[in-house]
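S.K.: Mind looking over this structure? Questions follow.
What follows is calculated from the coordinates using simple rules that are stated; it is not laboratory data. Predicted, not measured: the structure shown is a model, and the values here were computed from it. Cβ sites come from the backbone with ideal geometry, for glycine too, and all protein chains shown count toward neighbours.
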Protein chains: 2
Amino acid sequence: MKLTKAIKDKSQGKYKYAEQAHILVAVDCIIFGYDGDELKILLIKRALEPAKDQWSLMGGFIEANENLYGAAERILHTLTGLEEVYLEQLKAYGDPERDPFERTISVAYFALIDINKYKEQINDAYQAKWFLINEAPKLIFDHEKMVEKAKNRIRYKAAFHPILFELLPRKFTIPQLQNLYEQVYNAKIDNRNFIRKVNSTGLLIKLAEKDKSSSKRGAFYYKLDLNKYKAKFSSFINFIPNPENFIL
Amino acid sequence: MKLTKAIKDKSQGKYKYAEQAHILVAVDCIIFGYDGDELKILLIKRALEPAKDQWSLMGGFIEANENLYGAAERILHTLTGLEEVYLEQLKAYGDPERDPFERTISVAYFALIDINKYKEQINDAYQAKWFLINEAPKLIFDHEKMVEKAKNRIRYKAAFHPILFELLPRKFTIPQLQNLYEQVYNAKIDNRNFIRKVNSTGLLIKLAEKDKSSSKRGAFYYKLDLNKYKAKFSSFINFIPNPENFIL
DNA sequence: ACAAAAGTGTTATAATTACACCCATGT
DNA sequence: ACATGGGTGTAATTATAACACTTTTGT
């Protein structure tokens, strides 16, 4: 921090930074959800001017008493009613012209949620809608850039870390998990090799129950071994055969 | 972006966001350097109140006409005279209490530079000093947290991408490169396996000249094949044997 | 001749890939 | 009985890890 322009505020007896421009700081959330079948993104439609009727990420300005993560949590909670979901800082965006109304720095966060569990809680006031990941509409400002970056980040991270489990319900089948990976990477994965790899992680506990909704035979449900999940989260597991062509 | 508080500015005819707190936005740079022998970090010593005589990252406030990356470039250039060095956004920091003087959001960037090439250009006005990576002093605010995060990011990224070449001079020896990896990972690496892995990337071009400074036999200089470097930068190469225990 | 770092070679083990087949069940 | 997705097995290939020795040259 370059402090050479700091002055002492007589009224409070504290140092302050003089003659510096203060800027609006916002947080925008890229919210990914999976319903066991399709990977989606949650967007809101602007009901008011300016930018009325345009699709946008859910966002808000940072408040005096909260940190960036807290602001992202608040914004996510306001829209979805969700708490304690996976939420990670993506990047700060600060081009002078990114917001045509007023200069605004935006810190983007992405969230991974299970649509089934939470869809009833979504706040209708924002006209939120789930879009298929490849069928999202045009977005305001640089929000599409944020979404692309978030997709890339997820691809990158999910190649080595089990973050995609955050999108699944408590119990899920291996075909559902594979289907999720296939959508994230836009690729077909060999189911035999996939099952072996997933099982080799030791992260899954097989349940007695079966899901019969997608086949006659039915697929066994599994649940996450939460202890192992937490312990192994940072370790590297090659979930994806050829993680070649990602852009970092 | 939540725009519900936008109003129309009569004087300019543009929409503006009303009743929102504007905050100071700074950029701080974690500058890593390698002199062919030791991995170091560049810090500045505060010459003025407040926080006089304390060590700090080089930073500055964002200006009206520049984006975040541009601000980081400017700050880096001001201190080191360097341009076109590797510079990557690390994370935005925004705890309300992170800066005791005034609420400030800081976007941290890290830079990778070759100390030999640039050390003459360093601006003395900031009392900058290179510290060994493991012998850095206490820093102001949350700067130590930033440095730790940057070290982790470099470890993470360098395990799969050839970013550490950014720290090397145009010509370098493989022992120098290995030494750099060993310092980044605080680990001994088998030189036989290391050489094979580095050569298998096809990224290096062997030069006729030898560096005799560190052994009697001398080690051949190599240079980067810049075309292949750019092409392969995003692809995954396992540079590090067991990338197990990194924290993401 | 010897010390010290540079550089080459080999082999065992483990991970990855590319395959083909059987299973369970609702219709 | 058969169609459909679920699940198991195996063999070839490739990558990784562990290891020892030879080369060069200044002193």
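S.K.: Which whole-Hz ³J(HN,Hα) couplings does the range A:98-111 yield from phi under the Karplus relation 6.51 cos²θ - 1.76 cosθ + 1.60, θ = phi - 60°, glycine and proline marked x?
M.R.: Per residue, the Karplus-derived 3J(HN,Hα) values read 5, 10, x, 7, 6, 4, 9, 8, 10, 9, 8, 10, 10, 10 Hz.
S.K.: Would you mind checking the pairs B:Lys40/B:Lys149; A:Lys157/B:Lys188; B:Lys212/B:Lys232 and listing those with alpha carbons more than 20 angstrom apart?
M.R.: With Cα atoms farther than 20 Å apart: A:Lys157/B:Lys188; B:Lys212/B:Lys232.
S.K.: So what's the back-of-envelope 222 nm ellipticity for chain A, counting only DSSP H runs of four-plus at -39500 (n - 2.57) apiece and dividing by all residues, rounded to 500?
M.R.: Calculated at 222 nm, the ellipticity per residue is -7500 deg cm²/dmol.
S.K.: Would you tally the net charge around B:Arg46, using a Cβ to Cβ cut-off of less than 9 Å, leaving B:Arg46 out, and scoring K and R as +1, D and E as -1?
M.R.: So the environment of B:Arg46 carries a net charge of 0.
S.K.: Provide the per-residue ³J(HN,Hα) series for the range B:63-71, in order, calculated from phi with Karplus coefficients 6.51, -1.76, 1.60 and θ = phi - 60°, each as a whole number of Hz, with x at glycine and proline positions.
M.R.: 9, 4, 9, 10, 8, 5, 4, x, 5
S.K.: Another question, if that's okay. Hey, what did the range B:162-232 get for relative contact order, percent, Cα under 8 Å, at least 6 apart?
M.R.: Reported as a whole number, the value is 36 percent.
S.K.: Also, I was wondering about something else. So if I place +1 on the C-beta of Lys and Arg and -1 on the C-beta of Asp and Glu, and nothing else carries charge, what would the dipole magnitude of chain B be about its Cα centre? I want it in debye, nearest 20.
M.R.: Roughly 900 debye for chain B.
S.K.: When only Cα pairs under 8 Å and 6 or more residues apart are kept, what is the percent relative contact order across chain B?
M.R.: RCO, chain B: 19 percent.
S.K.: How far, in nm, would the chain grow between B:Glu63 and B:Arg170 when pulled straight, counting 0.36 nm per residue and subtracting the alpha carbon separation? Could the numbers behind the result be given before it?
M.R.: Numbers: separation 107, 0.36 × 107 = 38.52 nm, distance 3.36 nm.
Net length gain for the segment: 35.2 nm.
S.K.: Which one, B:Asn65, B:Phe110, B:Ala47, is farthest towards the positive end of the dipole of the range B:24-157 when Lys and Arg carry +1 and Asp and Glu -1 on their Cβ?
M.R.: With unit charges placed on the Cβ atoms, the residue in question is B:Phe110.
S.K.: Starting from the 7 Å offset along Cα-to-Cβ, what nm value, one decimal, do you get for the label separation of B:Glu38 and A:Lys210?
M.R.: 6.7
S.K.: Using a 10 Å cut-off around each Cβ, can you sort B:Glu166, B:Glu182 from fewest to most neighbouring Cβ atoms?
M.R.: Placing the least packed residue first, the sequence is B:Glu182, B:Glu166.
S.K.: Then there's this: Mind checking the dipole of the range B:162-232: about its Cα centre, +1 per Lys or Arg Cβ, -1 per Asp or Glu Cβ, Debye to the nearest 20?
M.R.: The calculation lands at about 260 debye.
S.K.: Continuing with this model, one more query. State, to one decimal in nm and shortest first, how far the label point of B:Ile205 sits from each corresponding label point in the other identical copies (label point: 7 angstrom along Cα-to-Cβ).
M.R.: 5.8
S.K.: Rounded to whole Hz and in sequence order, give me ³J(HN,Hα) for the range B:172-180 from the Karplus expression 6.51 cos²θ - 1.76 cosθ + 1.60, θ = phi - 60°, writing x for Gly and Pro.
M.R.: Once θ is set to phi - 60°, the couplings for the range B:172-180 become 8, 9, 5, x, 5, 5, 5, 4, 5 Hz.
S.K.: Given charges of +1 on the Cβ of Lys and Arg and -1 on the Cβ of Asp and Glu, with all other atoms neutral, how large is the dipole of the protein assembly as shown about its Cα centre, in debye to the nearest 20?
M.R.: Numbers: 78 positive and 64 negative charges, 311 e Å.
My answer is approximately 1500 debye.
S.K.: So how far apart, in nm, are the two label points at B:Tyr229 and B:Glu144 if each is 7 Å from Cα heading toward Cβ?
M.R.: 3.5
S.K.: Copy-to-copy spacing for A:Leu48, label 7 Å out on the Cα-to-C-beta vector, in nm, shortest first?
M.R.: Output for A:Leu48: 4.1 nm, nearest copy listed first.
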